[in-house]
Amino acid sequence: MPGVRVEHDSLGEVEVPQDSYYGAHTARALSNFPISGITIGSHPELVDALACVKQACASVNGRLGKISQDRVEAVIEACQEIRGGALHDQFVVDVIQGGAGTSSNMNANEVIANRALELTGRERGDYAYLHPIDHVNASQSTNDVYPTAAKLALHMAIDRLLEALTLLKDAFAAKAVEFASVVKIGRTQLQDAVPMTLGQEFGAYAVTLAEDIERLVEAQALLREINLGGTAIGTGITTDPRFGPAVCAQLSDLASLTMTTAPHLVEATADTGVFVQLSGVLKRVAVKLSKTCNDLRLLSSGPTAGLGEINLPAMQAGSSIMPGKVNPVIPEVVNQVAFQIIGNDVTISFAAEAGQLQLNAFEPIIVTSLLDSIRHLRQGCSLLATRCVPGITANVEHLDDVVRHSVSLVTALLPHLGYEVSSAIAAEALITKKPVADIVVDRGLLERDELAQILSPARLSGLARNP
């Protein structure tokens, strides 16, 4: 037929589009796994990581005399092009696939092989000279290539997530400085607690993000242990004993990371613990960030019937029926990102648990779930950092009025008046609606100047302690 070429695999002949760089195995996968409609090419980090692994393997196989130098050079050039952004549209296998990632590995093998054939002046599909398995996949198995590429891809993706988290942390830290002198009433269990500053509240958001950044960096360290060289089940069958250490060093050089070979390759090939660990960290970040977004929505609730302590920047009209309504859409979308990440963690947990004996067949759903979580979390953090937090303003007069009339001010008087007297003042304030300070002065318990010092913003918020 015009427009197609005929390739074959162990099951027989397969028609492949003439202009495609993928081959028979990928074509079968397209028919077998029409699941999500999302291709592995939609995850550029995974495609880049696959090409990086193949480049490292080709280089070492050449040095060990397993592949001729002309083939090695062609494969390396093809891999470098892919790592530069070329041919990502040829990575067409669905992210959800059977076979423990074999289709993803073969998609990479075929694209690299066919581009390498072109670079040597040959036709795509001329595998007698350069074969996707015999040459591009030499000394490898899906079971060491795919998890290694997945770890490298996740490491890259986390780097970008860390940039977004740092941007958001800095945005909250800047607001903490801006609001450093704005006193407000803190709340526990949605009831009035004791005074604090709005700066302290926003500073806490910055600190909690800094802690999450540290946890992600720790997770990255675990991703740098790989099983490349273990082949099918970790025994290293079909590989030169020198291959594993050499390819780990080569991959480290290409990725500009210090990768290490797992001490027990059979265990490393069967184990998905690092993915479970990373998913747990991502869930931690998501849960905490969602709580922060809940706070922002609550603090900005109103504008007249809610707390109304802060104003979020207006991003779009909020209703098709209520004129003038503006909703907190940026925190809302980040909440939804968090819900998805929590769901992905459940998926990853089930998939990791379902592994059997020497291999987990469900790494594709684990990997795409992790990459999705990282991507969406990164986008959510970027949106908060650029389209929400910098534009937040404080309703200072309202906050001052709430503090002045809050019964919780009596807590600051305990060291001076004692519990019983302070309780009586609180009861009177609740009944009469008079400010606590006025009641104290009217009862002649403290002078106005002394009271002003006790109830100063610095003392109320704990920024200046009593001697």
Determine by what factor the alpha-carbon radius of gyration of the range 140-226 differs from 2.2 N^0.38 Å, reporting the quotient.
1.62
Give, as a single signed number, the net charge of other residues whose beta carbon lies under 14 Å from the beta carbon of residue 49, with Lys and Arg counted +1 and Asp and Glu -1.
0
Tell me the accessible surface of residue 334 in square angstrom (1.4 angstrom probe, heavy atoms of protein chains only), to the nearest ten.
0
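With viscosity set to 0.890 mPa s at 25 °C, what whole-number translational diffusion coefficient in µm²/s follows for the range 78-148 from Stokes-Einstein and a Kirkwood radius over Cα pairs? Mind dumping the intermediate values first?
Values: Rh = 12.6 Å.
Roughly 194 µm²/s, to the nearest whole number.
If packing is taken as the average number of other Cβ atoms within 10 Å across a peptide's residues, how do 315-325, 153-163, 95-105, 183-193 rank, most packed first?
Working: 315-325: 9.7, 153-163: 20.1, 95-105: 22.3, 183-193: 14.5.
Highest mean packing first, the order is 95-105, 153-163, 183-193, 315-325.
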Among 384, 217, 311, whose Cα lies farthest out toward the positive end of the dipole of the chain, if unit charges sit on the beta carbon of Lys, Arg (+1) and Asp, Glu (-1)?
311
Excluding same-chain residues fewer than 8 positions from residue 184, which lysines have a Cα within less than 29 Å of its Cα?
169, 175, 288, 291, 325, 433, 434
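So for each of 362-373, 242-253, 203-214 I average, over its residues, the number of other beta carbons within 10 Å; can you give me the resulting order with the highest mean first? Write out the running numbers ahead of the final one.
Numbers: 362-373: 23.9, 242-253: 19.3, 203-214: 17.2.
Most protected by this proxy first, the peptides run 362-373, 242-253, 203-214.
If you average 1/r across every pair of different Cα atoms in the range 1-158 and take the reciprocal, what Kirkwood value do you get, in Å?
Values: mean 1/r = 0.0650 Å⁻¹.
When all Cα pairs of the range 1-158 are included, the Kirkwood radius is 15.4 Å.
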Among all helices in the chain defined by DSSP H, which have a length of 18 Å or more along the axis from Cα atoms plus a Kyte-Doolittle mean of at least 0.5?
273-299, 329-353, 419-432
Report the Rg/Rh value for the range 22-84, based on alpha-carbon coordinates and the Kirkwood definition of Rh.
1.08
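Taking every DSSP beta bridge with both residues inside the chain, roughly what % is antiparallel (nearest 5)?
Values: 16 of 18 bridges.
Here the antiparallel bridges make up roughly 90 percent for the chain.
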Burial-style ranking of 302-314, 39-51, 274-286, average other-beta-carbon count within 10 Å with highest first, yields 39-51, 274-286, 302-314
With the convex hull built on the Cα atoms of the chain, state its orientation-averaged projected area in nm².
29.9
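The values are calculated or read from the model by the stated rules, or taken from the named source; none is laboratory data. What you see is a predicted model, and the numbers here were worked out from it, not measured in a lab. Methodologically, a virtual Cβ is constructed for each residue, glycine included, from the backbone with ideal geometry; neighbour enumeration extends over all protein chains shown. For the accessible areas, the whole protein counts, side chains as well, though only heavy atoms, and no ligand, DNA or RNA atoms are used. Shrake-Rupley method; radii C 1.70, N 1.55, O 1.52, S 1.80 Å.
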